Structure formats: C-alpha cells, structure tokens
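Worksheet for the structure shown next.
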Amino acid sequence: MALLCLLLLFALQPESGTYPPDGVMLIQSSGTVQLRWQLPGKKYHLRVEQNSHAILDEFTSNSTTTLLVARQQPVTWRVSNETGGSTGGSFSVPFRAEIRADGLKGHPREYRYGGGRPGGAGGQIHLRLQRDANGMNLWADQPGPNHYLFSQPGMRLFVSARGGNGGNAPRVGFYATSGGNGGVITIRTSDAPWRDYLDLDFGAGKAGLDCWGKSDSKEASDGKPGKVVTLIEP
C-alpha cells in the first residue's frame with residue numbers, strides 16, 4: 001500500500017519539460033504560446049482557462065499544442081494522462097514588459113504655509129539573469145509575478161528606477177520643489193550580457209517649474225542620477 005501511494009505521488013508531480021514554467025511572464029510580441037509537457041501515455045486531456053473561462057478543453061494524442069491567448073491576462077492550464085498523472089501551471093503575456101520603481105512626483109511649496117514635497121527617490125531593484133533550456137530567465141525582487149522569460153529573440157525588458165520630478169508652482173505664491181535622485185539597479189549574472197536584454201533608466205527627476213513655466217534654480221534643483229551595479233557570479 002505504501003508503495004502504491006508513493007507511485008501515485010510521483011505520478012501527480014509536474015514532469016520536467018513542462019512549458020511555459022509555472023508562474024512565468026513571457027516576453028514576446030504576440031499572444032501565441034506553445035504548450036509542452038512530458039507525461040507517459042498516448043492520450044491526454046488538456047484544459048486551458050483564462051478569466052475563469054475555458055479557452056481550450058480537448059483530448060489529444062500530442063504532447064504539445066499552440067494557442068492564442070489574450071495578453072495581460074493570467075492563463076492557467078492542466079494536462080492529465082489516462083493513469084492520473086498531470087502537469088501544467090500558469091503564465092501570462094504582458095502588453096509591455098517592464099519593471100518600475102520610480103519615485104513619486106513632488107508637490108509645490110506654498111509661500112505662507114510651507115509644506116510641499118520634492119520628487120521621490122527612485123527605488124532599489126535587484127535582478128538576476130540566468131539561462132536554462134527554455135532560454136534567458138530573469139527574476140526580480142518585487143511583489144507579485146517576478147519571473148520573466150525572454151521567449152522571443154530580440155525582445156527586451158524595460159526597467160526603471162527614475163527619480164520623481166519636482167512639483168510645479170501653479171501660481172504666484174507657490175514655489176517649485178526639487179527633483180528626486182535616481183535609484184539603484186543591481187544585476188546578478190554569470191553568463192548573460194545584460195545589455196542584450198535590458199533597457200535601464202535610473203535618471204534623476206527634474207526640478208519643478210515656477211508659475212511662468214521657467215526653471216527656478218534658487219528654489220528647486222534637479223536630482224542626482226542613480227546607478228547600475230553588475231555582479232558577476234560563478
């Protein structure tokens with residue numbers, strides 16, 4: 001009995017070779033995705049859902065299929081064989097592949113009451129690039145989806161930690177505020193030239209303008225640019 005339970009447990013585990021990887025965001029220019037799986041058997045039941053509705057529900061003897069999914073909406077899929085083994089996962093295809101940790105825009109300072117706020121500083125973003133059998137992967141230390149896969153040659157990911165612009169003075173009696181500093185983007189990699197995959201922006205926020213739409217250097221200044229740090233790992 002114990003042996004039977006152990007065999008059933010292994011049968012229910014995802015097999016290697018499942019594509020796309022579970023929880024990944026695919027960086028590509030269209031919503032066409034190829035699903036692949038490795039399960040024993042000659043007949044499979046495949047079900048794909050998007051927005052809680054089935055977009056594909058079929059029996060097939062193939063171990064791969066290609067389908068068109070709506071972009072920017074999570075997809076879940078599951079394929080099972082005749083003996084109860086199964087694999088699958090979830091993925092999405094964003095319209096624009098980007099990661100942002102930009103500083104907030106500032107508010108002007110009122111002459112009588114003070115207050116105001118300069119532009120916020122750009123955040124700190126930590127990225128890791130690593131290649132595997134599926135291609136180039138990127139992991140980011142951010143909440144929510146944090147695994148990206150460059151699933152089409154030539155595609156790039158935009159990463160921004162730009163400082164927020166200062167607040168513009170709306171009328172006489174208000175003063176512009178300064179721009180925020182750019183953030184820090186740290187990239188860990190062993191064999192990936194990240195410039196082939198990433199477009200980075202860690203620029204400084206601009207100083208706010210006075211009520212005539214001009215720069216007021218006595219009251220507000222631009223922030224300072226941030227930086228990128230590259231860490232080469234074995």
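Rule-based calculations on the coordinates, nothing more; no lab input. Fair warning: this is a prediction, and the values are worked out from it, not measured in the lab. Cβ: placed from backbone, ideal geometry, glycine included. Neighbour counts: every protein chain shown.
Note on the chain: Cα convex hull, mean projected area over all directions, 18.5 nm². Residues whose amide H falls under 5 Å from that of LEU56, counting only those 5 or more places apart or on a different chain, are VAL48, with hydrogens built in the peptide plane.
Note down the relative contact order for segment 41-98 as a percent, whole number, built from C-alpha pairs under 8 angstrom at least six residues apart. Numbers along the way, then the final one.
Working: 102 pairs, mean separation 20.0, N = 58.
With pairs under 8 Å counted, the relative contact order is 34 percent.
Residues with beta-carbon under 14 Å from that of LEU157, excluding LEU157: net charge, scoring Lys, Arg +1 and Asp, Glu -1? In short, +1.
Considering only DSSP beta bridges with both partners in the chain, what is the antiparallel share in %, to the nearest 5?
Values: 41 of 65 bridges.
Approximately 65 percent, going by the DSSP bridge assignments.
Length gained on full extension, CYS211 to THR83, computed as 0.36 nm times the residue gap minus the Cα-Cα distance: 38.8 nm.
Would you give the gap between the C-alpha center of segment 19-52 and the C-alpha center of segment 195-224, rounded to a whole Å? Their Cα centres are 43 Å away from one another. When you filter the GluC sites (Glu not before Pro) in segment 50-158 for DSSP loop state and at most 15 other Cβ atoms inside 10 Å of their Cβ, you are left with GLU82. Other residues lying with their Cβ under 15 Å from the Cβ of PHE95 contribute a combined charge of +3, Lys and Arg counting +1, Asp and Glu -1.
With the simple spin-label model, which puts each label point 7 Å out from Cα in the Cβ direction, the HIS45 to ASP196 separation comes to 4.4 nm. Summary value for the chain: 17 percent relative contact order, contacts being C-alpha pairs under 8 angstrom separated by 6+ residues. Counting Lys and Arg as +1 and Asp and Glu as -1 over every other residue whose Cβ lies under 14 Å from the Cβ of LEU56, the net charge comes to -1. Taking every DSSP beta bridge that has both ends in segment 98-232, the antiparallel portion is near 45%. Between the alpha-carbon centres of segment 162-177 and segment 60-85 there is a gap of 52 Å. Simple point charges give the picture: +1 on the Cβ of Lys and Arg, -1 on the Cβ of Asp and Glu, and for segment 19-92 a dipole about the Cα centre of about 120 debye.
Calculate for the chain the 222 nm mean residue ellipticity that helices alone would give, adding -39,500 (n - 2.57) per DSSP H run of length 4 or more and normalising by residue count, nearest 500 deg cm²/dmol.
My calculation for the chain gives -1500 deg cm²/dmol from helical runs alone.
Each of THR186, PHE202, PHE174 was scored by the projection of its Cα onto the charge dipole of segment 172-215, and the greatest displacement toward the positive side belongs to PHE174; charges sit on the C-beta of Lys, Arg, Asp and Glu. Computed from the Cβ-Cβ distance with R0 of 30 Å, the FRET efficiency linking SER30 to VAL172 stands at 0.05.
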